[in-house]
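Here is the structure we will look at, set down as structure tokens.
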């Protein structure tokens, strides 16, 4: 191997380390959240997500202290069959188990020469005995959190369990219609989609028109108008919530999708126009002159020339606007609120004010991430290209 | 144009079309079933006064409401309101948020909800906009005088207390207490002795974790308020709320020192000061009921029972987890939720009448959404833990709302900051002086 290529490899090492480090920093918490979202609540509350693949609690301690007499499977002694729930039920926790182990059996110490286990070990053995005897049937992995989040379950058990016993809440029917229960993430997904698609499409449409006009149509004061429009980006949207809410109240728009579409279109336009104008303005003038010479109208030049060439810019705008609207809570909360709940709104509603039910939150968070990830991966090659759009002229 | 793009645009347009039509197809979240025709009364029936007075509401009338409840709490509210919704055919338009800015935005924009369930401070904040309870046909006889007093601003009774959550409780594991030979303390001196005995036995008495995001410190402020109820009494606590007692008073300082002795020492609480500051309040509950238990007691309001049940499904209320009132407390501390009305339309009147009626109080107690201040519900609790709490409330010589919730202008945060600073080793006098300044500004503006 030549020195130069070895040098090159070594030069790349720091970059690779930084990239891998960043990846780990981002992926570990996400992985933790994902694993948490597929665990049942008692498991989440008592052990960390990294224990999901380890042996059941207490198995090792049991094998050291008990397996020699009771057997690996607990069935060796028929008089003290540890798979019999009726026997194990009497020693649910370390206090009862330790008391039992302190007693003598037939004049001999229960454990023979083995020292009495510590409280922690005793608790672990008790927990493992509950597994052996099938008293503790909590599964390691469950989809219940996702089901409960999608249907908007609000009880204290799980949706499947409640439906089996017929104790489900008033607004659940235990059939497919629960998928669009107004309190669930299923309906929220639809609502988010209904909000996001037009709120992405409309600003891009108007920005394409406006960008073309600012770039290629000659009219008086277009630079001033453009500067004013771009300057509008500095208006913080929080400032306008109250006045616009008042306006909407007069027009009867509060709580309708139109309200959010208009709001997002309005606030998305300045940046969108800026980006489109710069991109379209960077196209070669000769191209348009040739088209006009051949008799093209502005409309033809726009649809046949500008739009196909501006696809990367449109795609990147689309991603930005889509992610922004999809992840927006404030606007949706103020103008839609609970009447047409979107995903960001509904995620917060999974937990009570005192934090109960937060296992649903992990599942709900993942559900809300699904579509943005699909969009991002589908359009990511436009992403970088689009960020450069309009940045360099020529 | 590219074919793909055409398809995409077509899809988008179709989506918008569907969306535009969607509102029509969207059922209201808690749509009332059409009121059923009342069955023809049997001829021998003696006419009885209807349990629910609809106040002449038309079927299909709407009530928009905004509250902080979500999850299981929302479910409870729906169950409580179900008979009312069915009888009167009212359609509820509920919205849930814990962000008070939303309520403020709606009110400022001139589009407040018809009713809201919020904290007692909002009674003062919106006193000019709220409709007084007597104008809405409240059944005043069902409420104790101290409740009416808390809900009265400038001589007008503006809010209906709907939910009370006594916090002056200590949760413990009776099995662990029995195994170690401990008895439930009957007085503050007993509790102090018990704590010392636990330490001598090598056990950790308290689990005091208080981490709760940007609300970190609230379990600490609850604890200190309970200590104040023991050492000073309810009048003193109300004095802090009214501003007659400054927050840097020696009595408050003494309570902080009692609290700090426990909360900052690893002998008395799990993890010492750092454990108190960084353990989440939910985790703090688990530590008392885990196996083996890390601590013997946790001071927490009623929701701790539900949290224990959800985390350790094999534990049973009574033998495995139970609570006692903070011994020696003269009066109770509790959170309370208040219904306030921005509208006096018939549907709202009917709702106020229902919630304050005997039927409403009983429903609230049966569903078991904490306690109802409505006296008609006093003996209707089915849950043993709630029943015990209701007895505590009934025997209480006074009820003090949470200090932080009751002083407007962010005093709650100032209180929490004082506690966190103190536990972090800061100067107690300085921390209390800073909190007292916020208190003075909020109350004497």
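The values are calculated or read from the model by the stated rules, or taken from the named source; none is laboratory data. Every value quoted in this text rests on a predicted model; they were computed, and no experiment measured them. Cβ placement follows ideal geometry from the backbone for every residue including glycine, while neighbour counts extend to all protein chains displayed.
For this structure, a couple of remarks:
- Only one of the numbered conditions (1) under 30 Å from residue B:195 (Cβ atoms); (2) in a strand (DSSP E or B) is not met by residue B:417, and that is (2).
- Applying a threshold of 9 Å to beta carbon distances and a minimum spacing of six or more residues, or different chains, the list of pairs starting in region B:260-273 at a residue that is assigned by TED's automatic domain parsing to the domain that holds residue B:195 and touching a residue at least 12 places away in the same chain (Cβ under 8 Å) and ending at one that is surrounded by 18 or more Cβ atoms within 10 Å (Cβ to Cβ) and in a strand (DSSP E or B) reads B:262/B:206; B:262/B:269; B:263/B:206; B:263/B:269; B:268/B:206; B:269/B:206; B:270/B:206.
- Filter result for residue A:34 (closer than 30 Å to residue B:307 by Cα, part of a helix (DSSP H, G or I) and away from every other protein chain (no Cβ under 14 Å)): yes
- The number of residues in region B:392-407 being surrounded by fewer than 17 Cβ atoms within 10 Å (Cβ to Cβ) and either within 18 Å of the chain's Cα centre (by Cα) or modelled with pLDDT of 90 or more (or both) comes to 2.
- Selection from region B:206-234 of residues that are touching a strand residue (DSSP E or B) at 6+ places or on another chain (Cβ under 9 Å), closer than 12 Å to residue B:281 by Cβ and part of a helix (DSSP H, G or I): B:218, B:219, B:222, B:223
- Any hit, region A:234-242, residues being surrounded by 18 or more Cβ atoms within 10 Å (Cβ to Cβ), closer than 30 Å to residue B:93 by Cβ and under 37 Å from the mean Cα position of the chain (by Cα): yes
- Residue match in region B:280-290 (condition: within 13 Å of chain A (Cβ to nearest Cβ) and not in a helix (DSSP H, G or I)): yes
- Selected residue (criterion: modelled with the lowest pLDDT) from residues of region B:309-339 that are touching a strand residue (DSSP E or B) at 6+ places or on another chain (Cβ under 6 Å) and over 27 Å from residue B:228 (Cβ atoms): B:315
- Residue match in region A:108-131 (condition: more than 16 Å from residue A:61 (Cα to Cα) and at the interface with chain B (Cβ under 9 Å from one of its Cβ atoms)): no
- Checking each residue in region A:337-357 for being assigned to a helix (DSSP H, G or I) and more than 9 Å from chain B (Cβ to nearest Cβ) picks out A:343, A:344, A:346, A:347.
- Comparison of A:225, A:172 shows that the only residue that is touching a helix residue (DSSP H, G or I) at 6+ places or on another chain (Cβ under 6 Å) and over 25 Å from residue A:258 (Cα atoms) is A:172.
- Of all the residues in region B:105-155, those that are within 14 Å of another protein chain (Cβ to nearest Cβ), touching a residue at least 60 places away in the same chain (Cβ under 8 Å) and assigned to a loop (DSSP other than H, G, I, E, B) number 4.
- Scanning region B:291-301 for residues being touching a strand residue (DSSP E or B) at 6+ places or on another chain (Cβ under 9 Å) and either surrounded by fewer than 19 Cβ atoms within 10 Å (Cβ to Cβ) or at the interface with chain A (Cβ under 10 Å from one of its Cβ atoms) (or both) gives a total of 2.
- Check on residue A:230, within 14 Å of chain B (Cβ to nearest Cβ) and surrounded by 14 or more Cβ atoms within 10 Å (Cβ to Cβ): no
- In region B:181-193, residue nearest to the other protein chains (Cβ to nearest Cβ) [restricted to those that are touching a helix residue (DSSP H, G or I) at 6+ places or on another chain (Cβ under 8 Å) and within 22 Å of residue A:93 (Cα to Cα)]: B:182
- Options A:272, A:310; residue that is touching a residue at least 60 places away in the same chain (Cβ under 8 Å) and within 14 Å of another protein chain (Cβ to nearest Cβ): A:310
- Of the residues examined, residue A:360 is one that is in contact with a helix residue (DSSP H, G or I) (Cβ under 9 Å, 6 or more places away or on another chain), buried (at least 18 other Cβ atoms within 10 Å of the Cβ) and facing chain B (nearest Cβ under 9 Å).
- Every residue from region A:320-336 that is over 16 Å from residue A:269 (Cβ atoms), more than 10 Å from chain B (Cβ to nearest Cβ) and under 17 Å from the mean Cα position of the chain (by Cα): A:323, A:326, A:327
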